[in-house]
Every structure is written in C-alpha cells, then in structure tokens.
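Below: one structure, written as structure tokens.
The values are calculated or read from the model by the stated rules, or taken from the named source; none is laboratory data. Since this is a predicted model, take the numbers as computed values, not measurements. Don't worry about glycine lacking a Cβ; one is built from the backbone with ideal geometry, like all the others, and counts go over all protein chains shown. These area figures cover heavy atoms from the full protein model, side chains too; ligands, DNA and RNA do not enter into them. Shrake-Rupley method; radii C 1.70, N 1.55, O 1.52, S 1.80 Å.
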Amino acid sequence: MTEKWVLMVTAKAPTNMSVIKYWGKRDEKLILAMNESISVTFDPTHLCTTTTVAVSPGFDRDRMWLNGKEMSLSGSRYQNCLRKIRARASNVEDETKGIKIAKKDWENLHVHISSYNNFPTAAGLASSASGFACLVYALAKLMNLQEDNGKLSAIARQGSGSACRSLHGGFVKWVLGKEEDGSDSIAVQLVNEKHWDDLVIIIAVVSSQQKETSSSLGMVQTVETSTLMEYRAKEIVPKRAIEMEEAIKNRDFPTFARLTCAENNQFHAICLDTSPPIFYMNDTSHRIISCVEKWNRSSGTPQAAYTCDAGPNVVLMARNREAATLLLRRLLFHFPPNSIDLDSYVVGDKSILKDAGIEDIKDVESLPSPPEIKDEISTHRYKGEIRYFICTRPGKGPVLLTDETQALLNPKTGLPTKI
C-alpha cells in the first residue's frame, strides 16, 4: 500500500423530475418520505452530472470538487454515503496497473471526487438527485460493490431523497417501504425510457439562481406547520400514485397530464400553506402555466403537462413530437429571447426548432399569435423572461464512461483537470 498509484472511475447520471411529488420526510436522518413519488428520468445527454472518483494510497484525506470549486465533505449526507459504500466494498484488482486492493483496505484509503453539472445547480432542477446518484454509482463501481441499482438507490436516498430515482431510467417509483431502518425504501423502475418514446420534454429555465429556501429546509417547515400536509400524504397521494402508474403503463396522456398538473398545483399550494409561506414559482412560471392551460382547454384534450419542483423552472411534457413543435412555437411567441443568438436560447434536441419551422431570430419575431388567444392582453410578449429552453426526452439511468478524456481528475495526480 506504499505505491503512489491512482485508480479512477468516471460515470454519468441523469436528473429526474417528479410527477407525483416527494415533499416531507417521516425520518430526517434516514431520509424516508411521507409518501411515495413517481418521476421521469431525463436524457443524460442533456441533463446530467458527470463524476470522477479516484482512490490512491497517496491521498491524505477525502476531497471533493463541484463544478471546479472545492467543497467540504464533512456533511452527514456525504459521510453516510461514503461509510455505507466502504462497508460494502469488495476486493479490486487492476492487472494493467498492478493494483490489488483487499476489502479490508478500503477503510484506510481516501477518495477524491470531482463532479460537474451540465445544468443549473440548486435551481429546482434536481441537481442533488443526479449528483448523489452519480456519486453513489461511481463509488460503487470503483469499490466493486456487488449490488444492483435498486439496492444502491437506498444509499443514494440518504444523500438526497430524489437521488434514489435517478438510479433508473424511464419512469421510476420511490417505494415508501415499511422497515424502520429504511432498507426497503428503494426506487424501482416502472417502465424503461423506450416505453413512452414519443413523449417530448421542454424545460423553461426561468432562473439559474439558487433558490431562497432549500428543499431540505422547506420540507421541514411544511411538515411542522402545514395543516394540509398530512391529509395530502395519507389521502390524496396514495390514490393519485396508483392512477398515475396506470396512466404511464397505458401511455394515457390525458390522465397523465391531468394528474401531473394537479400534483404540481397542490405541491405549491402546500408550500403556500407553510408558515412562513414558501414561494418557489414566480410570475414567469405562472405565465407559462397559464399559456399551457389555455392551449389545453382550447384543444379539448391535453396537449402538454406542466410541473415544477422547488424552483421557478417549468418542465413541460408534450404528448408527441407534433404537439412539442406547437408548444415550442407558443413558448417562443410569448417569451422571445433578448439575444439574437437563438442557438443558445434553445439547447438540447435542437431538431425541434427545425420541426417548428424556426431557423433564426427573424422567424421568432414574426411568429403569429396562437389561435386560442382572444384578446390584446394575451398577446403581450415577455421578452427575456426565460433564460433558455432545454429540449429533451425520457432517458436511461447511470452509465460508466470509458473514454479517459472525459475524466474530471488527472489520472496521475487525482486532482481536477477541468470543469
């Protein structure tokens, strides 16, 4: 163990967005939820965390860098994840580097961790979900854990509750569980990412700023003060979750949209019922939702669903590609960019722009008002209120990256190479 080798693993994990909301814990330490939740995993090509983990006898302490900035690993959530993974580690042998690590050695070896989010951190797009999912997945591969992603989700859950759902692709349910130690409170995949492959997701990034009230603090305040919270957890969500699961399996978009929108609205109502009230959505969020509601009503059947987590950014899900192009045209009409750089205003799957018949900024400026608009007030355009759009789709779970050029740590020093 006196050699100065460095052993590294790099992984990528997606974030997710809940359609049946997780809000409130019955156990703060183990992060056990008050109710089940269901989410859709985003395509990691467009929204993900990339994490490189390294181990070496030359490291004198555990260290971590997030988006290039060193941060403390002393928090209980990080320590819980590290402790549980080290306790489950197995023997590791790398013949190409002549490295042999016995199971007992892991307790005395320190790790370096470098993570990068390709989307705004702590702005209500579940960066902690992809972050802890990627951390646990990468460490599990580094330390050769002999456990599947379902069991790993129970570890990721103790870093961030929603992280357990990012261990799977497609649509995922976080099972409530009955055991006091939380061992059966895990994430299970309902359907994979190909099950509903015509679903299109458009994310309106309203703000990339950190939210004023963190999710962790907000949940505590809601559980302590909201008179509606217990009724929601016991009476509303269990029935709604069953209905949502059926809608997903049957690809029943009208039911899916109705439930998703209702869940969003009730979640934010619970936040407003908290003392002091928590405001995650802002005026722009409300305008986006109003736009979708008017379109759905005029169409006679839902064309798109909307939802937000603990932040102002709005996730919109269109029933198919055709609906997605119409949705994007409506959004660009109401929220044209300040900049002439359309290429940075719509990111991700940019082919939707072409489908919508929009080649440059002049096409946005000349967009006709949506047919459901009846009055002059509704034709008002809120230029620059949306920072940019991300076009994506349901995606797969975590993956290992074998290309060494994608590593975030130097293979010789174990220190950050890039962000």
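Quick notes on this one:
- Tabulated pairs, region 27-49, first closer than 22 Å to I248 by Cα and at pLDDT below 95, second open to solvent by 10 Å² or more (accessible area, probe 1.4 Å) and assigned to a strand (DSSP E or B), C-beta under 6 angstrom, 6+ apart or interchain: P44/K12
- Number of residues in region 374-395 that are farther than 17 Å from F119 by Cβ, out of contact with any Lys or Arg (no Cβ under 8 Å at 6 or more places or on another chain) and modelled with pLDDT of 90 or more equals 3.
- Checking each residue in region 296-323 for being farther than 24 Å from Y280 by Cβ and in contact with a Leu (Cβ under 9 Å, 6 or more places away or on another chain) picks out Q303, R319, N320.
- The set of residues in region 61-101 that are under 24 Å from the mean Cα position of the chain (by Cα) and of a type in the set (A, V, I, L, M, F, W, C) comprises M64, W65, L66, M71, L73, C81, L82, I85.
- Test: residue in region 235-253 that is at pLDDT 95 or above, surrounded by 15 or more Cβ atoms within 10 Å (Cβ to Cβ), out of contact with any Phe, Trp or Tyr (no Cβ under 8 Å at 6 or more places or on another chain) and more than 23 Å from V191 (Cα to Cα): yes
- Single condition K104 does not satisfy, out of (1) surrounded by fewer than 19 Cβ atoms within 10 Å (Cβ to Cβ); (2) closer than 18 Å to G414 by Cβ: (2)
- Considering region 329-380, the qualifying helices (runs of 4 or more DSSP H), each wholly inside and each with 2 or more residues that are within 28 Å of R297 (Cα to Cα), in contact (Cβ under 8 Å) with a residue 24 or more places away in the chain and open to solvent by less than 50 Å² (accessible area, probe 1.4 Å), run over 351-355.
- The number of residues in region 382-397 being assigned to a loop (DSSP other than H, G, I, E, B) and surrounded by 15 or more Cβ atoms within 10 Å (Cβ to Cβ) comes to 7.
- Test result for A163, open to solvent by less than 10 Å² (accessible area, probe 1.4 Å) and in contact with a strand residue (DSSP E or B) (Cβ under 8 Å, 6 or more places away or on another chain): no
- Checking each residue in region 29-45 for being outside any strand (DSSP E or B), open to solvent by less than 30 Å² (accessible area, probe 1.4 Å) and closer than 16 Å to I390 by Cβ picks out D43, P44.
- Looking only at region 190-216, residues that are part of a strand (DSSP E or B), in contact (Cβ under 8 Å) with a residue 60 or more places away in the chain and more than 18 Å from I386 (Cβ to Cβ) come to 1 in all.
- Taken as a whole, the condition of being open to solvent by 50 Å² or more (accessible area, probe 1.4 Å), touching a residue at least 40 places away in the same chain (Cβ under 8 Å) and over 22 Å from V191 (Cα atoms) applies to S298.
- Single match in T325, T284, T255 (criterion: in a helix (DSSP H, G or I), more than 23 Å from R393 (Cβ to Cβ) and among the β-branched types (V, I, T)): T284
- Condition check for T260: more than 29 Å from M229 (Cβ to Cβ), open to solvent by less than 40 Å² (accessible area, probe 1.4 Å), of a type in the set (S, T, Y) and not in a loop (DSSP other than H, G, I, E, B): no
- Test: G311 is open to solvent by 10 Å² or more (accessible area, probe 1.4 Å) and either of a type outside the set (G, A, S) or assigned to a loop (DSSP other than H, G, I, E, B) (or both): no
- Whichever residue in region 132-142 is in contact (Cβ under 8 Å) with a residue 60 or more places away in the chain and in contact with a helix residue (DSSP H, G or I) (Cβ under 7 Å, 6 or more places away or on another chain) and, among such residues, is farthest from V6 (Cα to Cα): A133
- Checking R26 against (1) in a strand (DSSP E or B); (2) open to solvent by less than 50 Å² (accessible area, probe 1.4 Å); (3) closer than 30 Å to A305 by Cα, the condition it does not meet: (2)
- Within region 4-23, being open to solvent by 20 Å² or more (accessible area, probe 1.4 Å), at pLDDT 95 or above and over 24 Å from L400 (Cα atoms) holds for one residue alone: Y22.
- Residue in region 264-275 that is over 23 Å from Q221 (Cα atoms) and within 21 Å of the chain's Cα centre (by Cα) present: no
- Checked against the criterion of being open to solvent by 30 Å² or more (accessible area, probe 1.4 Å) and modelled with pLDDT of 95 or more, the candidates I203, I186, I155 yield just one match: I186.
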